[in-house]
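Below: the structure, in structure tokens.
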Amino acid sequence: MAGEEHTVSGVAGRYATALFELALEEKALDKIEADLNRFNQALDAVDDLRRLVQSPVFSAEEQGRALAAVLDEIKIEGLTKNFLLLVAKNRRLFAAPDMIRAFRALLADHRGETSATVTAASKLTEAQATALKQALKAALGKDVMLDQRIDPSLIGGLMVKVGSRMVDTSLRTKLISLKHAMKEVG
């Protein structure tokens, strides 16, 4: 797993690769990363923005106008703003979360890091995220960039995915296993 290559493919991969190459050329990787993280946080926090991004009902023009206002509000400008507006114009805004993940994977690979997707029942605190990064670094021998997701149906615990490996310590999975074990006994 330590030598695992990050591969990005599909629409999200093509867009993310183009953004990554432009950001690398302009020496703006950190700024683009911060902007994309801010946009992703807004997507997680605002239901109306998530509907705007995911719904095919809105025209490209409507998405573009609304997105421009949102980007101005959360102070995203320059290359990131132009990129997201182009994505909206091309009717690919629904794939923006996948594009952000693919960009993060390319960035992690460029930095010699690995990325891990962590799904929890609620948002991890800074202390929890730091402890998890340290544990993963000890196990993998590389710095780890976390992509956090929230799934309340997990009830508790975590699901951690690094490359093709996944560790599921969620309470939901443990309860399902217990349910199956009890069916076999009875």
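Computed quantities for the displayed model
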| quantity | calculated |
| --- | --- |
| Qualifying residue in the stretch 44-58 (condition: surrounded by 14 or more Cβ atoms within 10 Å (Cβ to Cβ), in contact (Cβ under 8 Å) with a residue 60 or more places away in the chain, on the phi < 0 side of the Ramachandran plot and among the β-branched types (Val, Ile, Thr)) | no |
| Scope the stretch 134-185; condition of a type outside the set (A, V, I, L, M, F, W, C) and either part of a helix (DSSP H, G or I) or not assigned by TED's automatic domain parsing to the domain that holds residue 120 (or both); matching residues | 134, 137, 152, 153, 172, 173, 174, 177, 179, 180, 183, 184 |
| Criterion violated by residue 58 - all others in (1) aromatic (Phe, Trp, Tyr); (2) more than 20 Å from the chain's Cα centre (by Cα); (3) under 28 Å from residue 162 (Cβ atoms) satisfied | (3) |
| Pairs where the first residue, in the stretch 6-20, is at pLDDT 95 or above and the second is among the small types (Gly, Ala, Ser) and buried (at least 16 other Cβ atoms within 10 Å of the Cβ), C-beta under 6 Å, 6+ apart | 16/102 |
| Candidate set: the stretch 115-153, residues that are over 20 Å from residue 38 (Cα atoms) and touching a residue at least 40 places away in the same chain (Cβ under 8 Å); chosen: the one farthest from the chain's Cα centre (by Cα) | 141 |
| Criterion violated by residue 80 - all others in (1) among the hydroxyl-bearing types (Ser, Thr, Tyr); (2) surrounded by 19 or more Cβ atoms within 10 Å (Cβ to Cβ); (3) over 19 Å from residue 15 (Cα atoms) satisfied | (3) |
| Conditions (1) closer than 24 Å to residue 36 by Cα; (2) surrounded by fewer than 17 Cβ atoms within 10 Å (Cβ to Cβ); number of the one not met by residue 167 | (1) |
| Residues being more than 12 Å from residue 137 (Cα to Cα) and in contact with a strand residue (DSSP E or B) (Cβ under 6 Å, 6 or more places away or on another chain) - total across the stretch 105-118 | 4 |
| Hey, residue 104 buried (at least 17 other Cβ atoms within 10 Å of the Cβ), at pLDDT below 95, basic (Lys, Arg) and at negative phi or not | yes |
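The rows are residues; the columns are (1) touching a Leu at 6+ places or on another chain (Cβ under 9 Å); (2) surrounded by 14 or more Cβ atoms within 10 Å (Cβ to Cβ); (3) at pLDDT below 90; (4) of a type in the set (Val, Ile, Thr).
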position	(1), (2), (3), (4)
90	no, no, no, no
120	yes, yes, no, no
129	yes, yes, no, no
132	yes, yes, no, no
163	no, yes, yes, no
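The values are calculated or read from the model by the stated rules, or taken from the named source; none is laboratory data. As the structure is a computational prediction, the values presented were derived from the model and not from experiment. In this analysis, Cβ positions are derived from the backbone assuming ideal geometry, glycine residues included, and neighbour counts consider all displayed protein chains.
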